[in-house]
Amino acid sequence: MKKSLFSLLAAVGFLAVSYTSAAQVVMPGINARQRNESARIRQGVATGELTRTEAARLKSREADIRQDKRAARADGVVTRDERQDIRKDEAKASRAIYRQKHDGQERPRAER
């Protein structure tokens with residue numbers, strides 16, 4: 001009796017662990033895009049296309065998007081609407097990066 005009860009509890013525990021790990025939501029397209037945006041900001045700073053102020057503002061926007069992603073994942077399920085909102089925010093951030101990199105402002109050579 002004890003053996004079968006222990007086996008049953010072990011099986012339930014294993015299922016619970018596997019269920020919670022399956023509930024970890026992965027957003028590969030969104031994660032890849034975020035890495036790309038961060039790289040674009042770093043490249044803009046390195047080439048002087050972005051001033052320090054512009055880069056800080058863009059990085060803050062990226063941090064807000066990361067926070068939105070964490071909030072969406074908090075309950076273990078990212079709904080279609082949450083995913084769509086995150087993608088819209090990322091599209092706006094991407095356009096902002098483009099506009100800031102191409103606005104004609106350059107960081108002075110001494111700051112690079």
Could you list, in sequence order, all residues of region 88-112 that are loosely packed, with under 14 Cβ neighbours inside 10 Å and in a helix (DSSP H, G or I)? Lys88, Ala91, Lys92, Arg95, Tyr98, Arg99, Arg109, Ala110, Glu111
Filtered residues of region 89-102 (kept if of a type outside the set (A, V, I, L, M, F, W, C) and closer than 17 Å to Ala63 by Cβ): Asp89, Glu90, Lys92, Ser94, Gln100
Would you confirm whether or not region 4-23 contains a residue that is at pLDDT 70 or above, open to solvent by 50 Å² or more (accessible area, probe 1.4 Å) and assigned to a helix (DSSP H, G or I)? yes
Pull up region 24-64, narrow it to residues that are closer than 30 Å to Val78 by Cα, of a type in the set (A, V, I, L, M) and not in a helix (DSSP H, G or I), then point me to the one that is nearest to the chain's Cα centre (by Cα). Met27
Any idea which residue in region 35-71 is surrounded by the fewest Cβ atoms within 10 Å (Cβ to Cβ), counting only those that are in contact (Cβ under 8 Å) with a residue 24 or more places away in the chain and over 29 Å from Pro108 (Cα atoms)? Arg66
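The values are calculated or read from the model by the stated rules, or taken from the named source; none is laboratory data. In this text the structure is predicted, and so the values were computed from the model without any measurement. Cβ coordinates were reconstructed from backbone atoms using ideal geometry, including for glycine residues, and neighbour counts include every protein chain displayed. With ligands, DNA and RNA removed, areas are computed over all heavy atoms of the protein, side chains included. Shrake-Rupley method; radii C 1.70, N 1.55, O 1.52, S 1.80 Å.
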